[in-house]
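A quick write-up on the structure given underneath.
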Amino acid sequence: MRHEVLNEEDMAPSPAERRPQDVAKAARLSEEAPGAALRRAPAMSLAEQWRRVRARLQAELGEATFNSWFKQVEMNGVSEGRVMLSVPTRFIRNWIVSHYADRLAKLWADEDPSFCRVDVLVGAEARTEDAAPVSDAAPVETAAAQAPSAIRADTPLATAVPHGFEDAGVGAPLDPRFTFDAFVVGKSNELAHAAARRVAEATDVTFNPLFLYGGVGLGKTHLMHAIAWEIRKRQPERKVLYLSAEKFMYQFVRALRFKDTMAFKQQFRSVDVLMIDDVQFISGKDSTQEEFFHTFNALIDHNRQVIISADRSPSDLEGIEERIRSRLGWGLAADIHPTDYELRLGILQAKADEMMQRNGPVSIPPGVLEFLAHRIVSNVRELEGALKRVVAYASLVGRPITLDMSQEVLRDLLRSNDRKITIEEIQRRVAEYYNVRLADMLSARRARAVARPRQVAMYLSKQLTTRSLPEIGRKFGGRDHTTVIHAVRKIDELCLVDSGIEEDVDLLRRMLEGGHGPN
């Protein structure tokens with residue numbers, strides 16, 4: 001029996017491990033008659049076939065994916081057209097069965113047409129005696145349902161998931177570095193920080209939901225982890241569940257696959273605080289959005305705290321149902337703006353102090369920190385990475401940290417930042433210049449006061465970045481590339497006949513091209 005293919009079954013614990021599109025999604029799980037015994041094929045022949053199957057898999061999937069899932073797979077034998085493979089853990093077994101079983105069966109059938117099915121078993125089960133009935137091994141679905149703790153997504157090195165959700169494989173781990181004490185506050189993030197503090201310290205529900213939004217690397221995830229840690233410290237009896245929207249989708253699809261949606265609902269609706277990071281990733285996933293909507297409503301109705309993050313405001317979330325966008329805006333939406341020079345310098349100073357506490361005295365001249373704050377403007381992650389790179393180089397080669405050495409070590413990064421003007425920066429500068437709200441410029445509004453700045457921003461995005469027309473369109477509220485083409489042509493025409501528009505575009509261009517100093 002073949003599982004039904006779900007629209008949202010493409011989910012993986014990590015976006016970097018998605019398989020090629022030609023790899024099939026469902027497992028062959030047909031029942032075998034009781035008493036069917038495992039028999040070994042001729043050793044050399046079977047070993048050679050397995051070697052060729054592995055080689056083809058490695059060529060199709062690439063080195064990294066192959067090593068993640070197939071490096072530890074062992075060939076055990078065949079039985080009545082069934083190929084028997086063994087793996088060390090249930091997680092690997094379930095992942096291979098869910099994503100690669102059909103492809104494995106096809107590759108084996110290419111080697112020998114009598115092979116029609118692949119069975120993947122966990123270590124001890126697969127290493128039974130030759131006379132042991134294959135039917136004694138539990139079906140994959142049953143074993144997965146009975147042992148959810150073994151089915152766990154790969155998670156970053158670190159730490160803990162509050163209140164036992166780690167054992168159930170539901171939540172994501174919290175990073176111990178991401179606390180309120182480690183968060184540097186400035187004008188661009190003070191509202192989001194204050195709101196996060198209020199929610200974490202309150203004994204009752206305040207803003208519901210709290211919606212944090214902003215660009216990549218600006219601190220949304222840091223604040224969400226900080227909220228969870230603070231609640232654990234102040235009110236350890238409260239059940240806090242933190243996970244990404246992709247993990248939420250993965251858990252939901254898995255519940256559908258194993259017909260265990262009631263347990264899924266119970267897990268997510270029994271918490272006191274639900275935190276979902278990067279909710280924009282459920283865009284276009286109708287079934288997941290439906291379940292998210294009902295989970296959200298159930299928690300709100302029972303006065304449970306909900307905290308959401310995204311890369312844009314609720315009203316600008318493309319591909320998200322209107323009813324969900326409306327409810328996400330019920331509470332407080334706090335924007336985290338791109339960092340200014342003072343905040344970047346403060347972050348660097350805090351990181352330098354942290355390095356000295358952890359690694360001993362590190363002499364970083366103030367001029368180096370000021371230089372980095374001026375030049376590395378893309379996001380906080382890249383800023384921290386630049387500082388770590390300079391300190392590591394100085395430690396490894398035994399050279400003092402100087403401005404010249406920093407420029408030498410970061411030559412490629414500085415060159416990249418010099419030429420990298422982002423669409424987000426263009427949008428922000430144009431909105432400020434024309435005194436319009438950024439959210440309005442990205443919305444569907446067509447009023448001239450909003451449409452003209454939008455066209456100017458699209459024009460500059462085409463001129464000053466290497467992004468494609470479809471990419472630019474998506475950054476402007478999910479618009480089609482033809483809209484961008486029209487905007488570029490329109491501004492080109494206006495610059496020829498309207499000196500005011502020409503001056504605006506020229507001034508904005510110079511501001512953006514020279515805008516890597518203090519803001």
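Residues of segment 249-269 that are surrounded by 15 or more Cβ atoms within 10 Å (Cβ to Cβ) and closer than 18 Å to Ile300 by Cα: Phe264, Lys265, Gln267, Phe268, Arg269. With respect to the stated conditions, Glu384 fails to be of a type in the set (Asp, Glu), within 30 Å of Asp506 (Cα to Cα), part of a helix (DSSP H, G or I) and modelled with pLDDT of 85 or more.
Within segment 253-281, the set of residues being in contact with a helix residue (DSSP H, G or I) (Cβ under 9 Å, 6 or more places away or on another chain), more than 19 Å from Leu328 (Cα to Cα) and either assigned to a helix (DSSP H, G or I) or β-branched (Val, Ile, Thr) (or both) comprises Val253, Arg254, Ala255, Leu256, Arg257, Thr261, Met262, Ala263, Phe264, Lys265, Gln267.
Scanning segment 403-426 finds no residues that are polar (S, T, N, Q) and more than 23 Å from Arg389 (Cβ to Cβ).
For the subset of segment 79-90 comprising residues that are free of Cβ contacts under 8 Å to residues at least 40 places away in the same chain and over 29 Å from the mean Cα position of the chain (by Cα), which member is surrounded by the most Cβ atoms within 10 Å (Cβ to Cβ)? Result: Val83.
Name the one entry in Ile426, Ile472, Ile421 that is β-branched (Val, Ile, Thr), within 24 Å of Asn379 (Cβ to Cβ), crowded, with 19+ Cβ neighbours inside 10 Å and at pLDDT below 85.
Step by step, each of Ile426, Ile472, Ile421 is checked, and only Ile421 is β-branched (Val, Ile, Thr), within 24 Å of Asn379 (Cβ to Cβ), crowded, with 19+ Cβ neighbours inside 10 Å and at pLDDT below 85.
The requirement of being of a type in the set (Gly, Ala, Ser), farther than 30 Å from Val205 by Cβ, part of a helix (DSSP H, G or I) and not assigned by TED's automatic domain parsing to the domain that holds Asp301 is satisfied by Ser395. Checked against the criterion of being under 12 Å from Leu121 (Cα atoms), of a type in the set (D, E, K, R), outside the structural domain of Arg254 (by TED's automatic domain parsing) and under 32 Å from the mean Cα position of the chain (by Cα), the candidates Arg54, Arg103, Arg93 yield just one match: Arg93.
Give segment 333-367 a look and list any residue that's assigned to a loop (DSSP other than H, G, I, E, B) and closer than 30 Å to Ser315 by Cα, or say none. Across segment 333-367, the qualifying residues are His337, Pro338, Thr339, Asp340. Of all the residues that make up segment 170-199, how many are crowded, with 17+ Cβ neighbours inside 10 Å, in contact (Cβ under 8 Å) with a residue 60 or more places away in the chain and closer than 17 Å to Gln349 by Cβ? Count: 4.
Candidates in segment 429-469 are the residues that are of a type in the set (Lys, Arg) and part of a helix (DSSP H, G or I); of these, the one that is surrounded by the most Cβ atoms within 10 Å (Cβ to Cβ) is Arg454. When Tyr213, Tyr250 are checked against the criterion of being of a type outside the set (A, V, I, L, M), closer than 30 Å to Ser378 by Cα and not in a loop (DSSP other than H, G, I, E, B), Tyr213 stands alone in meeting it. Only one entry in Arg152, Arg177 is over 27 Å from Leu328 (Cα atoms), modelled with pLDDT of 70 or more and assigned to a loop (DSSP other than H, G, I, E, B), namely Arg177.
Just to be sure, is Gln305 more than 18 Å from Ala195 (Cα to Cα) and in contact (Cβ under 8 Å) with a residue 24 or more places away in the chain? Criteria not met by Gln305. Residue under question is Asp301, and the condition is that it be touching a strand residue (DSSP E or B) at 6+ places or on another chain (Cβ under 7 Å), of a type outside the set (S, T, N, Q) and surrounded by fewer than 21 Cβ atoms within 10 Å (Cβ to Cβ); does it hold? Judged against the criteria, Asp301 is not a match. Just one of (1) over 25 Å from Arg509 (Cβ atoms); (2) in contact with a helix residue (DSSP H, G or I) (Cβ under 8 Å, 6 or more places away or on another chain); (3) assigned to a helix (DSSP H, G or I) fails for His374. It is (1).
Just wondering, is there one or more residues in segment 475-494 that are within 30 Å of Gly346 (Cα to Cα), modelled with pLDDT of 85 or more, in a helix (DSSP H, G or I) and of a type in the set (D, E, K, R)?
yes
The values are calculated or read from the model by the stated rules, or taken from the named source; none is laboratory data. Quantities reported herein were computed from a predicted structural model and do not represent experimental measurements. As a convention, Cβ positions derive from the backbone with ideal geometry for all residues, glycine included, and neighbour counts pool all protein chains shown.
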